[in-house]
1. If ASP85 meets every condition in (1) more than 19 Å from LEU14 (Cα to Cα); (2) out of contact with any Leu (no Cβ under 7 Å at 6 or more places or on another chain); (3) not in a loop (DSSP other than H, G, I, E, B) apart from one, which number is that one?
2. Taking the range 12-32 as the search range and keeping residues that are more than 19 Å from the chain's Cα centre (by Cα) and of a type in the set (A, V, I, L, M, F, W, C), which one is farthest from VAL78 (Cα to Cα)?
3. Go through the residues of the range 85-98 one by one and say whether even a single one is out of contact with any His (no Cβ under 6 Å at 6 or more places or on another chain), on the phi < 0 side of the Ramachandran plot, aliphatic (A, V, I, L, M) and exposed (fewer than 12 other Cβ atoms within 10 Å of the Cβ).
4. Which residue pairs have Cβ atoms closer than 9 Å, lie 6 or more positions apart in sequence or on different chains, and pair a first residue in the range 4-19 that is part of a helix (DSSP H, G or I) with a second residue that is aromatic (Phe, Trp, Tyr) and surrounded by fewer than 20 Cβ atoms within 10 Å (Cβ to Cβ)?
5. When you look at ASP85, is it closer than 22 Å to MET3 by Cα and either free of Cβ contacts under 8 Å to residues at least 24 places away in the same chain or of a type in the set (Val, Ile, Thr) (or both), yes or no?
6. Considering only residues that are within 19 Å of the chain's Cα centre (by Cα) and basic (Lys, Arg), look in the range 96-138 and name the one that is farthest from ASP77 (Cα to Cα).
7. Within the range 41-59, is even one residue within 17 Å of GLY84 (Cα to Cα), part of a loop (DSSP other than H, G, I, E, B) and basic (Lys, Arg)?
8. Please identify the pairs in which a residue from the range 93-105 that is small (Gly, Ala, Ser) has its Cβ atom under 9 Å from the Cβ atom of a residue that is surrounded by 11 or more Cβ atoms within 10 Å (Cβ to Cβ) and part of a helix (DSSP H, G or I), counting only partners at least 6 apart or on another chain.
Amino acid sequence: MRMSKGVEWAMHTLLNLDMAGDAPVSSQRLASAHGLPAAYLNKQLQHLVRAGLLESTAGPKGGFRLAKSLDELTLLDVVQAIEGDATLFQCDEIRCGGKIGELSPPPTAACAVKAAMHRADEAWRLALRSQRVSDIRARLDPGHEFRDTVRSVLL
């Protein structure tokens, strides 16, 4: 399993926008701050807007800003905004197909593989849900020097 680059980009964008304060920041500035392709970052920003994590303002002084405080956002919120919320494992019930399926009686219980993978998926989501984006922000810049750098680049 591998998450797209969009998750990393979204996380850093949320952290940067928090450090930028309440002023909207253009997608071009956000992209150039980390040397990212603006078109691809803009797609991630739109996912964050649709998920309610960011607000966008049109116009020459428009841009993006946080729609919620980082205290209200979990890692799961960000991952689901970018990757969607589909489960990681899809059971196609192959245990009922082919020669084994033909020669075996129909199953009477849920697929054990599906159940195990579902438990693992739930544990992963619980771990992501338990971590707030604000916790990362606190570890990232305890003395606020980095915030000053981010603000000078974005504003």
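1. (3)
2. From the range 12-32, those more than 19 Å from the chain's Cα centre (by Cα) are 20-26, 28-29, 32; that's our starting set.
Keeping just the survivors that are of a type in the set (A, V, I, L, M, F, W, C) gives 20, 23, 25.
Values: ALA20: 19, ALA23: 21, VAL25: 19 Å.
Applying the filter and picking the extreme gives ALA23.
3. At the first step, the residues of the range 85-98 found to be out of contact with any His (no Cβ under 6 Å at 6 or more places or on another chain) are 85-98.
Narrowing further to those that are on the phi < 0 side of the Ramachandran plot: 85-92, 94-97.
Still in the list and also aliphatic (A, V, I, L, M): 86, 88, 94.
After this cut, where a residue has to be exposed (fewer than 12 other Cβ atoms within 10 Å of the Cβ) as well, the list is 86, 94.
Within the range 85-98, one or more residues are out of contact with any His (no Cβ under 6 Å at 6 or more places or on another chain), on the phi < 0 side of the Ramachandran plot, aliphatic (A, V, I, L, M) and exposed (fewer than 12 other Cβ atoms within 10 Å of the Cβ).
4. Hits for this filter: LYS5/TYR40; GLY6/TYR40; TRP9/TYR40; MET19/PHE146.
5. Considered against the rule, which asks whether it is closer than 22 Å to MET3 by Cα and either free of Cβ contacts under 8 Å to residues at least 24 places away in the same chain or of a type in the set (Val, Ile, Thr) (or both), ASP85 comes out as yes.
6. So, considering only residues that are within 19 Å of the chain's Cα centre (by Cα) and basic (Lys, Arg), the one farthest from ASP77 (Cα to Cα) is ARG137.
7. Scanning the range 41-59 turns up no residue that is within 17 Å of GLY84 (Cα to Cα), part of a loop (DSSP other than H, G, I, E, B) and basic (Lys, Arg).
8. Cβ pairs passing all conditions: GLY101/ILE94; GLY101/ARG95; SER104/ARG95; SER104/CYS96.
Taken together, the values in this text are just the output of simple stated rules run on the coordinates, not laboratory data. Bear in mind that the values here come from a model prediction, so they are computed numbers and not experimental data. As a convention, Cβ positions derive from the backbone with ideal geometry for all residues, glycine included, and neighbour counts pool all protein chains shown.
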